[in-house]
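The structure appears below as structure tokens.
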Amino acid sequence: MVAGRESDQAPDFRALFEAAPGLYLIVRPDLTIAAVSDAYLAATRTRRADILGRGIFEVFPDNPDDPKATGVSNLKASLLRAIEHGVPDTMAVQKFDVRRPASEGGGYEERYWSPVNTPVRDGAGNVAWVIHRVEDVTDFIRLQRQGRAQARRAQGLLERVDRMAVDVLHRAQQLQETNRALRQSEERLRQLNETLEQRVLERTRQLEAEVRNRERAQEAFRETQKLEAIGRLAGGVAHDFNNLLTVIHGSAELLLDSITSPDDVQSLKTIERAAERGARLTRQLLAFSRQQALRPERIDLRSKAQDITELLQRSLRGDIRIVLALDEELWPIQCDLGELELALLNLCVNARDAMPSGGLIRIDATNLVLPTPDRPADAPAGDFVSLNVTDTGIGIEPAVLARVFEPFFTTKEVGKGTGIGLSQVHGFAQQAGGRVTIESTPGRGTTVSLLLPRSTEEPAAGIAEARLESLRSTGTVLLVEDDDDVAAVTTGMLRLIGYQTRHARDPRTALALLLGGQRFGLVFSDIVMPGGMPGLEFARKVRQHFPHIPILLTSGYSHAAAEVVEEGFIVLAKPYRADTLSDAIRQCLASERHQHSA
């Protein structure tokens with residue numbers, strides 16, 4: 001358990017920087033190394049003590065065995081440009097080999113990187129540092145090489161076909177010359193030759209078409225692999241940042257409870273707002289990578305129309321009007337309400353940016369039974385609600401339209417968009433069991449259509465609010481969390497809402513406490529933890545051996561989230577606040593009492 005005095009301390013930003021999952025290196029204007037993240041050290045096989053204070057190109061020289069190496073000269077030019085002009089300098093993909101440890105044979109290992117060099121100014125406005133951020137794209141380059149090798153094999157196949165065609169024609173000519181003396185068969189031989197030539201031409205066209213189809217299939221497969229790889233990266237980054245955001249947001253909330261200075265309160269609220277923006281960004285990343293732990297529920301869009309309109313109108317300018325047109329007999333839908341609101345918000349923000357002089361956003365919804373004759377063959381089957389968002393903006397060019405759902409693709413200026421808004425919409429629709437399509441005409445506007453499955457659930461009666469309010473916030477919580485910072489902040493939140501806490505860093509330690517006879521009113525456990533026992537397995541064991549103890553689970557993301565919900569556990573998404581933690585605990589306790597009284 002972390003004492004209250006320690007939880008009041010400011011975050012250690014150097015420790016946070018060094019633990020960041022990205023590959024970061026900070027250099028001074030004289031190109032000496034000032035700081036480095038752990039991920040960068042791991043990627044380059046170096047140690048912090050060996051490189052700090054040294055020149056970057058002394059630590060990372062060109063591969064002496066590669067006479068064509070240009071990594072040092074290109075990187076040096078980029079760093080000097082960033083220092084001279086004071087603006088970020090994005091480099092093309094660079095080949096920059098790294099030293100292989102002597103224990104692995106020494107020498108250099110071929111690596112490819114995607115670097116961005118960002119200058120940081122001091123109080124006087126001078127460039128004091130440059131943040132050198134890279135992404136290791138070696139695997140992606142190797143996939144590209146494999147694609148080129150496959151293309152060469154396809155070209156070889158075409159050349160063989162050409163040689164076969166020439167050989168067949170040559171043999172046909174020899175056959176003609178040999179039988180020229182036989183005048184009676186001359187016409188028959190000519191007809192046979194023409195027929196043979198036609199067949200060869202037809203077969204050649206067939207082979208060419210097969211090669212083209214194979215190349216398209218291979219390109220689609222490579223694109224799928226790329227999206228999946230970026231999705232896994234995005235999910236991992238979001239998971240790590242959700243832990244950090246839990247610490248930042250929770251620490252600010254705990255400090256707000258004890259600080260009265262207006263200036264300090266304002267500063268802490270600024271931190272809270274920044275953490276909330278970070279949480280929204282990680283939700284978009286998780287939705288794109290399909291790792292968001294969704295909570296599907298029965299949603300009546302007509303009853304939510306006023307709330308949705310007010311939510312969307314706050315993100316628009318005064319010269320933009322929203323019109324909702326929902327069918328009188330509109331079916332309820334089954335999806336996560338928060339992700340639906342986020343998807344509509346992303347669509348309306350894009351529509352706003354496409355209407356710089358104002359305009360109209362129309363949101364309509366109709367019932368739809370699929371398949372229908374005018375829908376593509378691969379459309380899902382069943383009962384759906386078609387939710388369409390149409391704007392009167394500038395529209396989208398066809399070349400851009402084909403890429404709008406790609407992650408991190410944007411046509412907006414730097415700093416005006418993340419490029420994952422429509423990716424979140426696409427990921428949400430897929431994860432909800434539907435799909436999304438887009439149509440646009442330059443100069444006339446854009447329509448994005450969401451197909452969302454019809455809900456077959458009856459309206460939930462739920463647990464009475466008064467019953468929730470009657471539950472007392474007292475007792476001892478067994479907190480199972482491997483991240484000490486998250487555990488410290490969560491302990492402070494639990495203490496704030498009236499609970500004592502016992503912290504265990506892993507499920508096995510927590511089980512030992514339970515089996516040792518210690519009494520707890522609630523078990524609060526992370527789902528994703530290192531070691532031999534994941535959080536879900538731990539929760540099953542607690543339910544099996546201690547059925548009277550309520551269990552609340554939490555995670556930044558989890559592939560097993562659907563299974564967790566199906567097994568009846570309540571999941572609290574990270575990052576969370578003290579009030580949302582309190583509500584989740586009360587819901588968990590009330591649900592447990594309801595089950596035992598049934």
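The table below gives the values:
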| read-out | value |
| --- | --- |
| Residue selected from region 510-555 under the condition free of Cβ contacts under 8 Å to residues at least 24 places away in the same chain and in a helix (DSSP H, G or I), by the criterion farthest from Thr476 (Cα to Cα) | Gln544 |
| Number of the condition not met by Asp526 [criteria: (1) modelled with pLDDT of 85 or more; (2) closer than 26 Å to Gln431 by Cα; (3) charged (D, E, K, R); (4) open to solvent by 10 Å² or more (accessible area, probe 1.4 Å)] | (4) |
| Region 484-504, residues that are assigned to a loop (DSSP other than H, G, I, E, B) and either of a type in the set (Gly, Ala, Ser) or in contact with a strand residue (DSSP E or B) (Cβ under 8 Å, 6 or more places away or on another chain) (or both) | Gly498, Tyr499 |
| When residues of region 326-352 are limited to those that are among the aliphatic types (A, V, I, L, M) and out of contact with any Lys or Arg (no Cβ under 7 Å at 6 or more places or on another chain), the one modelled with the lowest pLDDT | Leu337 |
| Given (1) out of contact with any Ser or Thr (no Cβ under 7 Å at 6 or more places or on another chain); (2) over 16 Å from Gly433 (Cα atoms); (3) open to solvent by 20 Å² or more (accessible area, probe 1.4 Å), index of the condition Pro380 fails | (2) |
| Number of positions in region 81-118 that are open to solvent by 80 Å² or more (accessible area, probe 1.4 Å) and part of a helix (DSSP H, G or I) | 6 |
| Selection within region 446-469 - at pLDDT below 50 and open to solvent by 40 Å² or more (accessible area, probe 1.4 Å) | Ala461, Gly462, Ile463, Ala464, Glu465, Ala466, Arg467, Glu469 |
| Positions within region 24-50 being more than 34 Å from the chain's Cα centre (by Cα) and assigned to a loop (DSSP other than H, G, I, E, B), in sequence order | Pro29, Asp30 |
| Test for Gly53: is it at pLDDT 90 or above, in a loop (DSSP other than H, G, I, E, B), touching a strand residue (DSSP E or B) at 6+ places or on another chain (Cβ under 9 Å) and not assigned by the TED database to the domain that holds Asp240 | yes |
| Per-region count, region 71-80, residues surrounded by 12 or more Cβ atoms within 10 Å (Cβ to Cβ), free of Cβ contacts under 8 Å to residues at least 24 places away in the same chain and either assigned to a loop (DSSP other than H, G, I, E, B) or not hydrophobic (A, V, I, L, M, F, W, C) (or both) | 1 |
| Residues of region 545-584 satisfying the condition of being modelled with pLDDT of 75 or more, open to solvent by 40 Å² or more (accessible area, probe 1.4 Å) and within 25 Å of the chain's Cα centre (by Cα) | Ala573, Arg577, Thr580 |
| Some residue of region 363-386 being in contact with a Cys (Cβ under 8 Å, 6 or more places away or on another chain) and either among the charged types (D, E, K, R) or not in a helix (DSSP H, G or I) (or both) | no |
| In region 124-138, the residues that are open to solvent by 70 Å² or more (accessible area, probe 1.4 Å) and over 18 Å from the mean Cα position of the chain (by Cα) | Ala124, Asn126, Trp129, Arg133 |
| Pair list, Cβ < 6 Å and 6+ apart or interchain, from region 255-284 residues that are under 17 Å from Asp240 (Cβ atoms) to residues that are open to solvent by 30 Å² or more (accessible area, probe 1.4 Å) and modelled with pLDDT under 75 | Thr282/Phe241 |
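Let's see how each residue does on (1) over 30 Å from Leu268 (Cα atoms); (2) open to solvent by 40 Å² or more (accessible area, probe 1.4 Å):
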| position | (1), (2) |
| --- | --- |
| Gln9 | no, yes |
| Arg14 | no, yes |
| Gly22 | no, no |
| Arg28 | yes, yes |
| Thr32 | yes, no |
| Ala35 | no, no |
| Ala42 | yes, yes |
| Phe60 | yes, no |
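The values are calculated or read from the model by the stated rules, or taken from the named source; none is laboratory data. All of these numbers come straight from a predicted model, not from anything done at the bench. Every residue, glycine among them, receives a Cβ derived from its backbone with ideal geometry; neighbour counts consider all protein chains shown. Surface accessibility is based on the protein's heavy atoms, side chains included, excluding ligands, DNA and RNA. Shrake-Rupley method; radii C 1.70, N 1.55, O 1.52, S 1.80 Å.
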